[in-house]
Amino acid sequence: MARLLVIDDERSIRNTLREILEYEGYQIDEAPDGISALEIAVKEKFDVILCDIKMPQMDGIEVLDKLLLISDTPVVMISGHGNIDTAVDAIKRGAYDYISKPLDLNRLLITVRNAMEKGSLVKETRALKRKVSRTYEMIGESEPIQHIRQMIDRVAPTDARVLITGGNGTGKELVARWLHELSNRSEGPFIEVNCAAIPGELIESVLFGHEKGSFTSAIKQRKGDFEQASGGTLFLDEIGDMSLSAQAKVLRALQENKIMRVGGEKEIPVDVRVIAATNKNLRDEIEQKNFREDLYHRLSVILIHVPSLNERRDDIPLLANHFISQICENSGKPVLQFTDEALLELRELNWTGNIRELRNVVERLAIMCDLSITADDIRRYAQPLKK
């Protein structure tokens, strides 16, 4: 049952609102003034708050300001003494809506319902962000990871392009996502392109879009990833595998902040921060004429190297415990515990697949083991093909 708080110094108004809203199935709490309302709001959770503006001791606008500091519950302002300026001021300060007395019953109920829907969306969004944050959490206290965190903190607020290097499974995408999350573009889109997974003949269409009829299967116009990422971040993963013709167009886009769709004639301005990643040595690729040197210099304003898991073995216990908690929680089973000997055994393995391999191993152990994970379990299940 949805719970509402009614703040009004007139008992008759509180009683009227209670009768109307309880009839509609809401649970109602009351407060005769702003001070007592704030005391209640600190301790209890509400779906919507209805607040009068004209009250003694503390007026409704001041109550609104304080409520917004302690809660994100939608606040609907009510007044019989207000005017359009008062309403505009309340909305600007963060009120969900403003209703004048005498109250229109239909308007009141519609406003409360809409405010509740907004509150639900805010809670869902926050839950999703927490889930995403947990998914892309950067685990580790080793010196290399501390250095990467410091680099991210320094570089993220800028629009500087970043080239992330490191082996497969080391966490290059994780670094890219944190650069985006901590940037001024965090509210914008994060678009990822795996350049190694897209056929060479399609990469230009994926990046820059195409016009209807520009090639056989182009049955409608499509916006490319540069356009879709405008205002946010474009992550070009495995850029070392991009074709030379696509590299030339990417270089032009970075130089001019404009793109042209395949089959198009009009230049389209884009506002994109580009972060690239590769598991290849681009210097070697340049010497072999597989990668453009001018594009390399455009992309590598900032270089961040992500170390292999073998180079940060001190983080293995932290990562293993993090993964086992995450996996068991998602599968609804009790969290398994690693014995100290099991963690030592994990540290000694050769992690050619890096963090991705470690997570897969932990997931396998979560499935195959009961109660705790021992050193024997590590030897039996961790890397059976490498015996």
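Within the set of pairs 6+ apart or on separate chains, which have a first residue in the range 43-61 that is in the same structural domain as residue 12 (by TED's automatic domain parsing) and among the aromatic types (Phe, Trp, Tyr), a second that is outside any loop (DSSP other than H, G, I, E, B) and buried (at least 19 other Cβ atoms within 10 Å of the Cβ), and C-beta atoms under 7 Å apart?
46/4; 46/5
Taking the conditions exactly as written (out of contact with any Gly (no Cβ under 7 Å at 6 or more places or on another chain), under 22 Å from residue 9 (Cα atoms) and not hydroxyl-bearing (Ser, Thr, Tyr)), does residue 68 satisfy them or not? Working first, answer last.
Values: out of contact with any Gly (no Cβ under 7 Å at 6 or more places or on another chain): no; under 22 Å from residue 9 (Cα atoms): yes; not hydroxyl-bearing (Ser, Thr, Tyr): yes.
Criteria not met by residue 68.
Would you check which residues across the range 276-307 are over 25 Å from residue 190 (Cα atoms) and among the hydroxyl-bearing types (Ser, Thr, Tyr) and list them?
none
Name the residue that is surrounded by the fewest Cβ atoms within 10 Å (Cβ to Cβ), counting only residues in the range 1-41 that are free of Cβ contacts under 8 Å to residues at least 60 places away in the same chain and assigned to a loop (DSSP other than H, G, I, E, B).
Once the filter is applied, the top-ranked residue is 1.
With among the charged types (D, E, K, R) and surrounded by fewer than 18 Cβ atoms within 10 Å (Cβ to Cβ) as the only criterion, which of 377, 284 stands out? Don't jump to the end; show me each part of the working.
On the way: 377 fails: surrounded by fewer than 18 Cβ atoms within 10 Å (Cβ to Cβ).
Sole residue among the options that is among the charged types (D, E, K, R) and surrounded by fewer than 18 Cβ atoms within 10 Å (Cβ to Cβ): 284.
Take residue 318 and decide whether it is aliphatic (A, V, I, L, M) and under 13 Å from residue 382 (Cβ atoms). Before the answer, list the steps.
Working: aliphatic (A, V, I, L, M): yes; under 13 Å from residue 382 (Cβ atoms): no.
No, not satisfied.
Assuming residue 70 fulfils every condition listed in (1) without any contact (Cβ under 8 Å) to a residue 12 or more places away in the chain; (2) over 17 Å from residue 113 (Cα atoms) apart from one, which condition is it?
Status for residue 70: all satisfied but (1).
So in the range 42-57, with the set limited to residues that are in a loop (DSSP other than H, G, I, E, B) and of a type outside the set (S, T, N, Q), which one is farthest from residue 93 (Cα to Cα)? Spell out how you get there, then give the answer.
Restricting attention to the range 42-57, the residues satisfying the condition of being in a loop (DSSP other than H, G, I, E, B) are 44-47, 53-57.
With the extra rule that they be of a type outside the set (S, T, N, Q), the set shrinks to 44-47, 53-56.
Working: 44: 23, 45: 21, 46: 20, 47: 19, 53: 13, 54: 16, 55: 18, 56: 20 Å.
Per the criteria, the residue is 44.
The values are calculated or read from the model by the stated rules, or taken from the named source; none is laboratory data. Since we're looking at a predicted model, the values are computed, not measured. No Cβ is skipped: glycine too gets one built from the backbone with ideal geometry, and neighbour counts run over all protein chains shown.
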